[in-house]
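Student: Handing you a structure now.
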Amino acid sequence: MTRAKVFRNRMAVATLFVLGWGFVILARLTELQVVKASELSNRSTLNHRYQQAIPAKRGDIVDCRGRLLAISQVQPSVCADPSVIQDAGGVARDIGAILGKDKKWVRTIKQRLSDKERSFAYVARWVSPVEWEKIKELGHRGIFCQKEPIRKYPMDWLGSHIVGFTSLDGSLKEGAEKAFDAYIAGVPGKLQTYRDGRQKKIWMGPRVIKEPEMGATVQLTIDQNIQFFVEEALRRALAETKAKNITAIVMDPRDGAIRAMANMPDFNPNFYFRYKSNERKNRAIVDVYEPASAFKIITVAAALEAGSVRPNQVFDCEHGGIKVSNTYIRDHHSYGDLTVQEILWKSSNVGAIKISSTISREHFYSTIRKFGFGERTGIELPAEAVGIVHPLEDWSRVSPAFLSIGHEISVTPLQMLRAASVLANGGYLVEPHIGEKVMEANGEVVSLVPQTKGSPILSSQVVDTMKNMLEGVVEHGTAKAAAIPGIRVFGKTGTAQRIADGSYSHNRFNASFVGFFPAESPRYGIIIVVHDPKGGKTDGGEVAAPIFSEIGRQIVLYESELPGYRRRRLAVAENQRPDWPSATMGVENASDRMPDLRGMGLRSAAYMSMKIGLEVLVEGEGKVVAQDPQPGDPIQPGGVCRVTLKEVRIAP
């Protein structure tokens with residue numbers, strides 16, 4: 001083969017190789033620039049753009065009359081992009097000087113701003129608008145403002161176990177804040193920044209590509225004023241009884257709407273981090289206790305429904321004790337013959353045991369379950385306890401006897417109030433709830449009230465009979481201290497020995513009372529549970545019943561629709577935080593003029609306004625600096641008092 005031919009062959013091969021390689025390149029270019037152009041463009045955009053969530057402003061939580069219990073305020077937060085900051089120490093010192101921070105804070109921020117791998121860092125959260133303007137004037141590159149919501153609870157301790165709280169970063173929530181988070185939370189926005197091919201931040205300033213959407217307003221069934229009455233009564237009772245803790249619930253027995261729920265000691269949700277989780281626990285739905293004699297309501301109702309006893313049927317109460325299957329059970333007093341209603345009035349253990357013996361174990365167990373024991377009530381609040389009801393097959397020979405007097409069973413205060421409410425609403429087991437409605441920003445309203453009522457679990461005849469007998473408990477029996485002047489009340493006391501070291505203690509007790517008013521058409525059901533009272537008085541009639549009476553009397557003064565009563569006002573000395581008195585009905589206000597609230601804190605100002613019959617609308621926080629009506633202006637019952645509060649800083 002000649003050299004020329006070899007050369008031509010080689011050239012042909014080289015040409016084919018070049019043409020083939022060119023075709024591959026062309027195909028690849030076509031794929032990249034035509035076929036996958038859109039996909040690659042989007043990928044490039046994502047590689048150069050960085051998105052960060054902007055927290056949404058949480059919706060308000062208000063009481064049944066629209067008064068604020070929780071609110072989010074938007075304040076500027078100082079943020080930084082450490083990757084573009086040149087002098088971290090200088091920036092930290094300049095900002096610290098404006099905010100009045102110490103050297104330790106400056107060192108911490110300097111270290112944070114020196115991390116060039118970070119593209120975002122907080123410098124100071126929730127500064128005042130004036131402080132941000134001063135920081136902005138410094139002109140430091142990489143420092144910018146991000147407006148963020150901060151959660152405030154304007155009534156401080158009021159309703160803390162119901163309203164709950166949400167932590168600064170939103171990772172921890174309790175109470176209504178958690179229960180209705182899906183409505184309140186809102187939708188976060190988006191903030192966009194840019195990065196180069198090496199993933200280094202390109203400082204072009206952040207750009208908001210999606211504004212956050214504020215959450216909806218949730219209205220609770222809680223009445224701020226009634227909640228206030230309850231907490232003040234419990235606070236005084238805790239000091240007087242030296243109890244470990246006290247729980248109270250106020251509920252509308254007709255539909256299960258919770259008007260107040262309180263535990264003492266309580267906590268301030270604005271500073272939730274200062275309290276242990278055990279101190280923030282809502283004992284009304286989490287803690288269980290043996291209801292003792294209050295459970296005799298269930299025992300007698302079960303027997304009446306079965307037709308095994310009559311209200312005037314007489315039982316021999318054995319003069320102080322009874323032996324049940326080798327177990328001797330004592331009465332707190334020695335009684336002879338008592339009728340069924342007298343057994344309730346005097347709270348005889350022997351009498352209750354004998355009544356329970358007239359019904360079958362199956363009927364007794366079925367009645368206990370029908371009254372809702374051993375299951376959650378369905379209230380929206382988190383962490384509700386189930387309670388303890390032993391299965392029928394686990395009952396011993398003495399179980400019916402112990403159950404008849406409220407032992408061998410554990411209930412929450414809410415379960416006990418719910419069960420007793422069956423006697424106040426015609427025989428129905430209601431579903432307790434704290435949610436009233438959700439109000440969306442677009443005007444849409446969503447009801448949160450349970451719609452199912454169910455079937456009655458007691459006949460109307462048994463309900464009326466039980467109400468009449470329990471009214472006698474207040475008039476003639478162990479709960480005389482629960483009486484409310486001019487109002488018919490019915491209810492039942494309970495005194496249970498606490499369990500200590502695996503056995504019942506002889507000197508530590510739980511005292512309780514559950515009652516309703518007005519008896520002719522019950523609108524309020526209240527349960528009081530006092531854990532481990534000290535100081536001599538330990539019975540439910542001595543410890544819990546007076547608290548019920550005090551709360552009930554304040555509600556009667558406040559409520560304008562109870563039979564035979566109109567809303568009345570109480571005399572209040574100006575410029576003095578009053579103590580809710582053991583007042584009689586019908587005390588009128590000594591003056592029809594507005595007192596001076598200026599200089600008071602929110603709690604004191606609200607207290608005085610409520611006492612003279614005015615609804616309080618609050619703006620700001622701190623001390624009262626302005627009010628409407630003005631001091632000395634004429635006031636009308638049922639009017640509105642608007643107060644403006646501001647933080648008062650005392651110069652050093």
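Student: Taking the alpha-carbon centroid of each part, what is the distance from the stretch 120-155 to the stretch 212-283 in angstrom?
Tutor: About 33 Å separates the Cα centre of the stretch 120-155 from the one of the stretch 212-283.
Student: On a full-extension model of 0.36 nm per residue, what is the gain between ASP316 and VAL446, subtracting their alpha-carbon distance, rounded to one decimal in nm?
Tutor: Additional length available on full extension: 41.2 nm.
Student: For THR358, THR452, write out the residues from largest to smallest accessible area, computed with a 1.4 angstrom probe and no ligands counted.
Tutor: Ranking THR358, THR452 by accessible area, largest first, yields THR452, THR358.
Student: Moving to a separate point now. Provide the solvent-accessible area of TRP105, counting protein heavy atoms only and rolling a 1.4 Å probe, rounded to the nearest 10 Å².
Tutor: 50 Å²
Student: With the cut-off at 23 Å, tell me which of the pairs LYS492/LYS537; LYS173/LYS646; LYS173/LYS281 have Cα atoms farther apart than that.
Tutor: Flagged as over cut-off: LYS173/LYS646.
Student: Sorted from largest to smallest, which semi-axis lengths in Å does the alpha carbon gyration tensor of the chain give for its equivalent ellipsoid, taking the root of 5 times each eigenvalue?
Tutor: Output for the chain: semi-axes of 64, 36, 22 Å.
Student: With only Lys, Arg, Asp and Glu charged, each at its Cβ (+1 for the first two, -1 for the last two), find how big the charge dipole of the stretch 254-355 is about the Cα centre; round to the nearest 20 debye.
Tutor: That gives a dipole near 460 debye.
Student: Here is a further query. At 7 Å along Cα-to-Cβ for each site, give me the label-to-label distance between ARG593 and TRP395 in nm.
Tutor: 6.9 nm
Student: Would you mind pulling out the separation of the Cα centroids of the stretch 339-371 and the stretch 522-559, in Å?
Tutor: 25 Å
Student: Name the lysines eligible as straight-distance cross-link partners of LYS210: C-alpha to C-alpha under 17 Å, and not fewer than 8 places from it in the same chain.
Tutor: Within the straight-line limit of under 17 Å, LYS210 reaches these lysines: LYS57, LYS147, LYS190.
Student: Same structure again: What does the charge count around ALA216 come to, taking other residues whose C-beta lies under 14 Å from its C-beta (Lys +1, Arg +1, Asp -1, Glu -1)?
Tutor: My count for the surroundings of ALA216 gives -4.
Student: Next question, about the same structure. Using the Cβ atoms and a cut-off under 12 Å, what net charge is assigned to the surroundings of ALA420, where Lys and Arg are +1 and Asp and Glu are -1?
Tutor: Net local charge, ALA420 excluded: +4.
Student: Provide SER521, SER609 ordered by accessible surface of protein heavy atoms (probe 1.4 Å), highest first.
Tutor: Per-residue accessible area, sorted high to low, gives SER521, SER609.
Student: Under a 1.4 angstrom probe, counting protein chains only, how are THR247, THR241 ranked by accessible area, largest first?
Tutor: Sorted descending by solvent-accessible area, the residues read THR241, THR247.
Student: Let me ask something additional. Express the carbon and sulfur contribution to the solvent-accessible surface of the chain as a percent, rounded to the nearest whole number, probe 1.4 angstrom.
Tutor: 51 percent
Student: Could you calculate the contour length gain from TYR328 to ARG376, that is, 0.36 nm times the residue separation minus the distance between their Cα atoms, to one decimal place in nm?
Tutor: Using 0.36 nm per residue and subtracting the Cα-Cα distance, I get 13.9 nm.
Student: Could you work out the helix-only [θ] at 222 nm for the chain, with each DSSP H run of four or more residues adding -39,500 (n - 2.57) and the total divided by the number of residues, to the nearest 500 deg cm²/dmol?
Tutor: Taken over the chain, the calculation gives -9500 deg cm²/dmol.
Student: Nearest 0.05, what FRET efficiency do GLN73 and ASP337 give at R0 = 45 Å with Cβ-Cβ as r?
Tutor: Calculated value: 0.10.
Student: What trypsin sites (Lys or Arg not before Pro) does the stretch 359-455 have in DSSP loop regions with at most 15 other beta carbons within 10 Å?
Tutor: Here the trypsin sites (Lys or Arg not before Pro) that fit, given the DSSP loop and packing criteria, are ARG376, ARG397, LYS453.
Student: To continue, here is another question. Round to the nearest 10 and report in Å² the accessible area of MET214, as given by a 1.4 Å probe over the protein chains' heavy atoms.
Tutor: 90 Å²
Student: How much accessible surface area, in Å² rounded to 10, belongs to the heavy atoms of LYS110 with a 1.4 Å probe?
Tutor: Using a 1.4 Å probe on the heavy atoms, I get roughly 100 Å².
Student: Magnitude of the Cβ-charge dipole of the chain, K/R +1 and D/E -1, about the Cα centre, nearest 20 debye?
Tutor: Using Cβ point charges on Lys, Arg, Asp and Glu, the chain gives about 3760 debye.
Student: Still on this structure, please answer the following. When Lys and Arg each count +1 and Asp and Glu each count -1, what net charge do the other residues less than 12 Å away from PRO533, Cβ to Cβ, add up to?
Tutor: Result for the neighbourhood of PRO533: +2.
The values are calculated or read from the model by the stated rules, or taken from the named source; none is laboratory data. Just so we're clear, the structure is a prediction, and the values are computed from it rather than from any experiment. Glycine also receives a Cβ, built like all others from the backbone with ideal geometry; neighbour counts cover every protein chain displayed. Please note that ligands, DNA and RNA were not included when accessible areas were found on the heavy atoms of the full protein model with its side chains. Shrake-Rupley method; radii C 1.70, N 1.55, O 1.52, S 1.80 Å.
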